[in-house]
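What follows is a single structure, written as structure tokens, with notes after it.
Just so it is clear, none of the values below were taken in a lab; they were calculated from the coordinates. Everything numeric here is computed off the predicted structure, so don't read it as measured data. Here the Cβ is made from the backbone with ideal geometry for all residues, glycine too, and neighbour counts use every protein chain on show.
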Amino acid sequence: MHTFKRMKKLPTYVFSSVDAMKMEARHRGEDIVDFGMGNPDGPTPSHIVNQAIEALHHPRNHRYSASKGIINLRLAIANWYRRNYAVEIDHETEAIVTIGAKEGLAHLALALFSPGDVVMVPTPTYPIHPYSVIIAGAKVRAIPLVSDRDFFQDIVEATLQRPKPKALIISFPHNPTTRVVEIDFFKKIVAFAKEHNFIVVHDLAYANLVFDGYRAPSFLEIPGAKDVGVEFFSLSKSYNMPGWRVGFCVGNKAIIGALTRLKSYLDYGIFQPIQIASIIALNGPQNCVKDIVETYRKRRNTLVDGLNRVGWPVSKPVATMFVWAPIPEAFNKTGSLAFSKRLLTEAKVAVSPGIGFGAHGDDHVRFSLVENEQRIRLGLQGIKRMLRNAK
């Protein structure tokens, strides 16, 4: 029997056990309110869909596309950065279209990291951040991203350890913790990365999903940021386009060049009608983004206000499409996986166990705001029963 060494480095996907229980419950006819996967439930805006349909009718768009993305989409990416952040991007050398941010991150790790390299990654965090490093054969140096620690100071201390780290992967607004930063944080990161000669990879997937007057800064707004790193963005959340699989990476020419070269061996780019529709998403009317944000804001308020009302203290996040909830005191010795299973069984509510995002997430669960307000209230009724019965 053959062995597959790389596969042995990947643990069992924690979320799969909760997903299996959820499917079994639904097969029994149970109504499960599903806050698990961060899969946007709204339709893609009609002007984007209509552009894809129109492009689909042209045979020239049925052929292989460009691995790095068609030129007009890369121009739209540059225009998007200019409008939103006053950052100039060379569409030829500083931008590449990716098949969603997840694919881009995974292939970037393959392009940049080798066995023996060390990469700093927060814990908890979105799983592709550490596992892209592991798949590439490099080592993860985990940095706690928790409320009672200074995250930047922990980066400083991790950088001074040996072997010296090659890179830092970060993401703000952050999934799953919903943590946000101000622009001064990126100023410190850029200066420190230059001083210690490490690469910075910033995942800005939730740039637009912000509330209560908060503005998410771009890492690239900092002068000199392009000298040390790159930034990813995804159309999945801001434009309700998760299944379209469109993202991009911008920044340092050498890093973009490495990803471009690797992807030229691996794919022929995204189906061209999807790329054409993405141009309209970035360059077209942006009222749809405001509407999507408002939907998540209302759901956030309904869920968080409701959780506090039933005796589960949770703070309102100012960004992302998630709520990162500390496990209630009566259950805080059970661990997030056991608590998530109990929520599913007793409250008929599915959430993501925090342990799936890293060891430092085991005292939390993540709610995704992918159920409408009526369904959220239904889930809150189940949670209320469960908490009452635990007393």
By the scheme Lys and Arg +1, Asp and Glu -1, what is the net charge of all other residues having a beta-carbon under 12 Å from that of PRO122? +1
Taking amide H positions as placed in the peptide plane 1.01 Å from N, state which residues far from ASP34 in sequence (5 or more) or on other chains have amide H under 5 Å from it. ALA350
Go ahead and run the numbers for FRET between VAL49 and LYS188, Cβ-Cβ distance against an R0 of 51 Å, rounding to 0.05. 0.75
How far apart, in nanometres, would the label points at GLU329 and GLN381 be if each is projected 7 angstrom from Cα along the Cα-to-Cβ direction? 2.9
Residue-ordered couplings for the range 342-348, obtained by feeding phi - 60° into the Karplus form 6.51 cos²θ - 1.76 cosθ + 1.60 and rounding to whole Hz (Gly and Pro as x), are 5, 4, 5, 6, 9, 9, 6
I'd like the trypsin sites (Lys or Arg not before Pro) in the range 10-111 restricted to DSSP loop residues with at most 14 other Cβ atoms within 10 Å, sorted by number. ARG28, ARG63
Counting only residues 5 or more apart in sequence or on a different chain, those whose built amide H sits under 5 Å from that of ILE143 are VAL121, THR123
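Do any of LYS139/LYS333; LYS102/LYS139; LYS290/LYS348; LYS164/LYS333 go past 27 Å between their Cα atoms, and which? Spell out each step's value before the answer.
On the way: LYS139/LYS333 30 Å; LYS102/LYS139 19 Å; LYS290/LYS348 32 Å; LYS164/LYS333 36 Å.
Violating the 27 Å Cα-Cα cut-off are LYS139/LYS333; LYS290/LYS348; LYS164/LYS333.
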With +1 on each Lys and Arg Cβ and -1 on each Asp and Glu Cβ, how big is the dipole of the chain about its Cα centre, in debye rounded to the nearest 20? 720
Based on the Cα coordinates of the range 102-152, what is the per residue volume of their convex hull in Å³? 70
Karplus (6.51, -1.76, 1.60) ³J(HN,Hα), θ = phi - 60°, over the range 120-126, in Hz, Gly and Pro reported as x: 7, 9, x, 9, x, 6, 4
What is the extension gain from TYR268 to ALA338, computed as 0.36 nm multiplied by their sequence separation minus the C-alpha to C-alpha distance, in nm to one decimal? 20.9 nm
Quote the relative contact order of the range 46-283 in percent (integer), defining contacts as alpha-carbon pairs under 8 Å separated by 6+ residues. 31
Those trypsin sites (Lys or Arg not before Pro) in the range 138-200 that DSSP places in a loop and that have at most 14 other beta carbons within 10 Å: ARG149
Run the helix sum for the chain: -39,500 (n - 2.57) per DSSP H stretch of 4+ residues, divided by residue count, reported at 222 nm to the nearest 500 deg cm²/dmol. -13000 deg cm²/dmol
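Rounded to the nearest 5, what is the percent of antiparallel bridges among the DSSP beta bridges in the chain?
Values: 17 of 35 bridges.
Of all bridge pairs located within the chain, approximately 50 percent are antiparallel.
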If exposed means GluC sites (Glu not before Pro) lying in a DSSP loop and surrounded by at most 13 other beta carbons within 10 Å, then the longest stretch of the chain lacking such sites spans residues 183-391
In debye to the nearest 20, the charge dipole size for the range 226-340, taken about the Cα centre with +1 at each Lys and Arg Cβ and -1 at each Asp and Glu Cβ, equals 60
For the chain, whose charge dipole is built from +1 on Lys and Arg Cβ atoms and -1 on Asp and Glu Cβ atoms, the candidate among ILE270, PRO144, HIS27 with its Cα farthest towards the positive end is HIS27
Ranked by Cβ crowding within 10 angstrom, fewest neighbours first, how are PHE172, PHE185 ordered? PHE185, PHE172
By the scheme Lys and Arg +1, Asp and Glu -1, what is the net charge of all other residues having a beta-carbon under 13 Å from that of PRO144? -3
What are the ³J(HN,Hα) values, in whole Hz, obtained from phi via the Karplus relation 6.51 cos²θ - 1.76 cosθ + 1.60 with θ = phi - 60°, for each residue of the range 327-332 in sequence order, with x given for Gly and Pro? 4, x, 4, 5, 10, 6
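For each of ASP31, ASP19, count neighbouring Cβ atoms within 10 Å of the residue's Cβ, then give the residues from fewest to most. Don't skip to the end; give the middle numbers.
Numbers: ASP31 12, ASP19 17.
Going from sparsest to densest Cβ surroundings: ASP31, ASP19.
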Nitroxide proxy distance, nm - points 7 Å out along Cα→Cβ at ARG28 and LEU56: 4.0
Place +1 on the Cβ of every Lys and Arg and -1 on the Cβ of every Asp and Glu in the range 46-283, take the dipole about the Cα centre, and give the residue among ASN208, GLY69, ILE280 whose Cα lies farthest towards its positive end. GLY69
Burial ordering of MET23, MET1, MET386, fewest other beta-carbon atoms within 10 Å first: MET1, MET23, MET386
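Of the chymotrypsin sites (Phe, Trp or Tyr not before Pro) in the range 215-300, which ones lie in a loop per DSSP and count no more than 14 other C-beta atoms within 10 Å? Intermediate values should be presented prior to the final figure.
Numbers: sites: PHE219, PHE232, PHE233, TYR239, TRP244, PHE248, TYR265, TYR268, PHE271, TYR296; in loops: TYR239, TYR268, PHE271.
For chymotrypsin sites (Phe, Trp or Tyr not before Pro) across the range 215-300 that sit outside H, G, I, E and B with at most 14 neighbouring Cβ atoms in 10 Å, the list reads TYR268.
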